[in-house]
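Inspection log for the structure reproduced underneath, given as structure tokens.
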Amino acid sequence: MLPCCHLFRFRDLHALQSLGLVLAFWLLLAGALRADGAYPVVVKDDRPAPVTFTRAPQTVAAISAFGADVMAALGQPVQGVSTLNHRRPAYLGERVAAMVDLGEVHEPNLERLTELSPDLVIGLRQYTEPFERKFEEIGQFLAFDLMTYEDSDRAVVAVSRALGDEARGQALNAAFADDVAELAEAAPGGVSALLIWHWADTLYAFYDHHLSTTLMNRLQVTNAMGSTPTPEFKKPDAGVLTMEQLLRLNPDVILSFTGDDRPVSRHPVWQRLDAVRNNRVFRVSDQYVMPHGPIARELVLREMAHLFYPERFAAPADLPAAARARPLTFVSR
């Protein structure tokens, strides 16, 4: 590389007619030099073999909300995104409106993905493992096991490294850690809660090691479901919750995710719960069950702080209306 004092000797530089063009030239040159020096890079996802990138991916598809989320946080476009229950991640709002629908996260539309031919596919390992070879035929592929806070931090850095900007991913993680610490210090505590996923007529409650419930604990809220009975394993991240258990736990606040907008069956137990009597049962959006992207985790943190301590924290104004928590409604069976 030439010393910087010699860069102005390039033959075409005298053609730049204004200071604005000179600055633009320097910015483009600096970017090119950084890109040439950054690759190849080796990225470790959650599969056995690391992935080598010889150049920066120019086009990206996301088989998960996480992929679209982290790319948006890094200021990069995404061609296509998968859906959950045939809906794009509502919390990303207009960012995903123009993206190609790649089908359900557990059953991606491989034909449509092949037509897009992205340089990089980012997915969740539990959903993409059966199609791994096909993804690798299309382009580079990164797959993550996303459950814990640590999983989130690691995956954000891995994707940013693949894009040639690892420092940006580290900065996103550091900024989020600061936000968590700030809200934790201001949270008064004294609240118990459950985060529930309704699957048909079965309830699943998340254990402490899931990212959303970890944030719940950081906000001085007791997760009534507690820790997993198998702490040596990350899976499962939730356990079946019977109505009898729900009554026994009787938390102050219940956060409920369902795959559609239909009301929940009015089992007699619901009316006996303190959370129901005090109007503190909320239907939450999919960022709570897939909270690992930089945007999702920030919105979950701030909205949970508001739901648990409404007198202390305001609701996040930047959360799209379709993704905001709202009262859970019931219907007679």
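The values are calculated or read from the model by the stated rules, or taken from the named source; none is laboratory data. Since the model is a prediction, treat every value here as computed from it, not as a measurement. As a convention, Cβ positions derive from the backbone with ideal geometry for all residues, glycine included, and neighbour counts pool all protein chains shown.
Figure legend. Inter-residue proximity from segment 156-173: first residues on the phi > 0 side of the Ramachandran plot, second residues part of a helix (DSSP H, G or I), beta-carbon distance below 7 Å, spacing 6+ or different chains. Indicated pairs: 164/35; 164/38. For residue 71, the criteria (1) out of contact with any Ser or Thr (no Cβ under 9 Å at 6 or more places or on another chain); (2) of a type in the set (A, V, I, L, M); (3) free of Cβ contacts under 8 Å to residues at least 40 places away in the same chain hold in every case but one, which is (3). Residues that are among the hydrophobic types (A, V, I, L, M, F, W, C), assigned to a loop (DSSP other than H, G, I, E, B), touching a residue at least 24 places away in the same chain (Cβ under 8 Å) and more than 20 Å from residue 289 (Cα to Cα): does segment 188-206 have at least one? Taking every residue of segment 188-206 in turn, none turns out to be among the hydrophobic types (A, V, I, L, M, F, W, C), assigned to a loop (DSSP other than H, G, I, E, B), touching a residue at least 24 places away in the same chain (Cβ under 8 Å) and more than 20 Å from residue 289 (Cα to Cα). Once segment 280-309 is narrowed to residues that are among the hydroxyl-bearing types (Ser, Thr, Tyr) and within 12 Å of residue 256 (Cβ to Cβ), the residue that is nearest to the chain's Cα centre (by Cα) is 288. Is there a residue in segment 55-65 that is surrounded by 15 or more Cβ atoms within 10 Å (Cβ to Cβ), in a helix (DSSP H, G or I) and modelled with pLDDT of 95 or more? Within segment 55-65 (the criterion being surrounded by 15 or more Cβ atoms within 10 Å (Cβ to Cβ), in a helix (DSSP H, G or I) and modelled with pLDDT of 95 or more), the answer is yes, since at least one residue qualifies.
Does segment 293-312 contain at least one residue that is more than 24 Å from residue 226 (Cα to Cα) and without any contact (Cβ under 8 Å) to a residue 24 or more places away in the chain? Yes: segment 293-312 contains one or more residues that are more than 24 Å from residue 226 (Cα to Cα) and without any contact (Cβ under 8 Å) to a residue 24 or more places away in the chain. Somewhere in segment 172-181, is a residue touching a strand residue (DSSP E or B) at 6+ places or on another chain (Cβ under 9 Å) and not polar (S, T, N, Q)? Within segment 172-181, not a single residue is touching a strand residue (DSSP E or B) at 6+ places or on another chain (Cβ under 9 Å) and not polar (S, T, N, Q). On the basis of being in a strand (DSSP E or B), without any contact (Cβ under 8 Å) to a residue 60 or more places away in the chain, outside the structural domain of residue 214 (by TED's automatic domain parsing) and crowded, with 19+ Cβ neighbours inside 10 Å, does residue 102 make the cut? Answer is yes for this residue. Is it fair to say residue 119 is at pLDDT 95 or above, surrounded by fewer than 23 Cβ atoms within 10 Å (Cβ to Cβ), farther than 29 Å from residue 218 by Cα and out of contact with any Asp or Glu (no Cβ under 8 Å at 6 or more places or on another chain)? For residue 119, the condition - at pLDDT 95 or above, surrounded by fewer than 23 Cβ atoms within 10 Å (Cβ to Cβ), farther than 29 Å from residue 218 by Cα and out of contact with any Asp or Glu (no Cβ under 8 Å at 6 or more places or on another chain) - is met.
Beta carbons closer than 9 Å, at least 6 apart along the sequence or on distinct chains, pair a first residue in segment 256-271 that is assigned by TED's automatic domain parsing to the domain that holds residue 288 and over 13 Å from residue 197 (Cβ atoms) with a second that is among the basic types (Lys, Arg) and modelled with pLDDT of 90 or more for 261/283; 271/277. Whether a residue is more than 18 Å from residue 51 (Cβ to Cβ), in the same structural domain as residue 67 (by TED's automatic domain parsing) and buried (at least 17 other Cβ atoms within 10 Å of the Cβ) was assessed, and residue 108 passes this test. Within this structure, residue 137 passes the test of being over 26 Å from residue 237 (Cα atoms), part of a helix (DSSP H, G or I) and out of contact with any Leu (no Cβ under 7 Å at 6 or more places or on another chain). Highlighted here are the strands (runs of 3 or more DSSP E) found entirely within segment 232-326 that include at least 3 residues which are surrounded by 21 or more Cβ atoms within 10 Å (Cβ to Cβ) and modelled with pLDDT of 95 or more: 253-258. For segment 75-87, a tally of residues being under 21 Å from residue 117 (Cβ atoms) and not in a strand (DSSP E or B) returns 4. Filtering segment 194-223 to residues that are hydroxyl-bearing (Ser, Thr, Tyr) and buried (at least 24 other Cβ atoms within 10 Å of the Cβ) leaves 212, 213.
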